[in-house]
1. Be a star and scan region 80-122 for residues whose amide nitrogen sits under 18 Å from the point 7 Å along the Cα-to-Cβ vector of residue 69.
2. Would you mind ranking 75, 61 by Cβ crowding within 10 Å, fewest neighbours first?
3. If you take every residue apart from residue 51 with its C-beta less than 11 Å away from the C-beta of residue 51, what net charge results, scoring Lys and Arg +1 and Asp and Glu -1?
4. Expressed as a rounded percentage, what relative contact order does the chain have, with Cα pairs under 8 Å and six or more residues apart?
5. Any idea what the dipole of the chain comes to, in debye rounded to 20, about its Cα centre with Lys/Arg Cβ at +1 and Asp/Glu Cβ at -1?
6. Between residue 103 and residue 36, what is the label-to-label distance in nm when each label sits 7 Å out along the Cα-to-Cβ direction?
7. Multiply the residue separation of residue 116 and residue 52 by 0.36 nm, subtract the distance between their alpha-carbon atoms, and state the gained length in nm to one decimal.
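Each reported figure results from applying straightforward, stated rules to the coordinates on display, with no laboratory input. Computed from a prediction, not measured in an experiment: that's the story for all the values here. Here Cβ is always computed from backbone atoms with ideal geometry, including for glycine, and neighbour counts include all displayed protein chains.
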Amino acid sequence: MRWLFVFLLAWFGLTADVFAVGLVKGMRRNLGEAEFGALRERIETLRAVIRATDNAPGGSVIQLDWLPDAGSGGVTRLSVNGLQRGQDIPGEDFFQALLKVWLGDKVNDPALRNALLGRAPA
């Protein structure tokens, strides 16, 4: 099983830094303080890897993959145009927290969440 998210940052006028900050804010909004604290080091790893993609050419494809069979319990991998960037981030708990940015109770865009879940618009 593989989950794949593809982001076309330049097409939406986002810089890597704005994207990274948005992800962290979304995770903080949807996680309790203890859960966020337990993931803090891995969240910072993701933020640093995303920020390092800022030199990617416009129209680059940023991928966040959940690879459940990698590592010793699954990893989240960031790639740019099919090439891995940074280190894999271990743990299903991390990936589940990342999903909450789009699928959690406190998302920026409930219509997008509903569309991703195949639900009728609210």
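1. Residues 91-92 qualify, since their backbone N sits under 18 Å from the label point.
2. On the way: 75 20, 61 15.
Going from least to most buried by this count: 61, 75.
3. Working: positive: 47, 85; negative: 17, 44, 54.
That sum, taken over residues with Cβ under 11 Å, equals -1.
4. Working: 175 pairs, mean separation 33.2, N = 122.
The normalised contact order for the chain reaches 27 percent.
5. Charge dipole, the chain, about its Cα centre: 280 debye, nearest 20.
6. Here the modelled spin labels are 2.2 nm apart.
7. Numbers: separation 64, 0.36 × 64 = 23.04 nm, distance 2.77 nm.
The residue 116-residue 52 span can extend by a further 20.3 nm.
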